[in-house]
Amino acid sequence: MIRCALRIPKDFHARLAARAAADRRSINSEILSLLEVALSTPAAEAESPGDDPASPTPRPGKPDPSQA
């Protein structure tokens, strides 16, 4: 298994931690589970990130690709 350092905002970490606790998983296992689901969805069927009201808003200073 490959180690990967990930920097995320505190509020995002809190959301991950809460979801992991609800699913009785470690944060690492929760991230792997979420990535597996996201990557197993065919691209043609995947929703655009802008379509999901739970999607995080773009970070300040970064262009919002859904507005292009």
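Observations, loosely collected:
- Selection of first residues in the range 4-15 that are over 16 Å from L35 (Cα atoms) and of second residues that are assigned to a helix (DSSP H, G or I) and modelled with pLDDT under 95, restricted to Cβ pairs under 8 Å at least 6 apart or on distinct chains, gives an empty result.
- For the range 40-58, the condition holds for no residue, the condition being that it is touching a Ser or Thr at 6+ places or on another chain (Cβ under 8 Å) and modelled with pLDDT of 95 or more.
- The number of residues in the range 33-45 being loosely packed, with under 13 Cβ neighbours inside 10 Å and either in contact with a His (Cβ under 9 Å, 6 or more places away or on another chain) or not charged (D, E, K, R) (or both) comes to 9.
The values are calculated or read from the model by the stated rules, or taken from the named source; none is laboratory data. Here the structure is a predicted model, which is why all the values come from computation and not from measurement. Every residue, glycine as well, gets a Cβ built from its backbone with ideal geometry; the counts of neighbours run over all protein chains shown.
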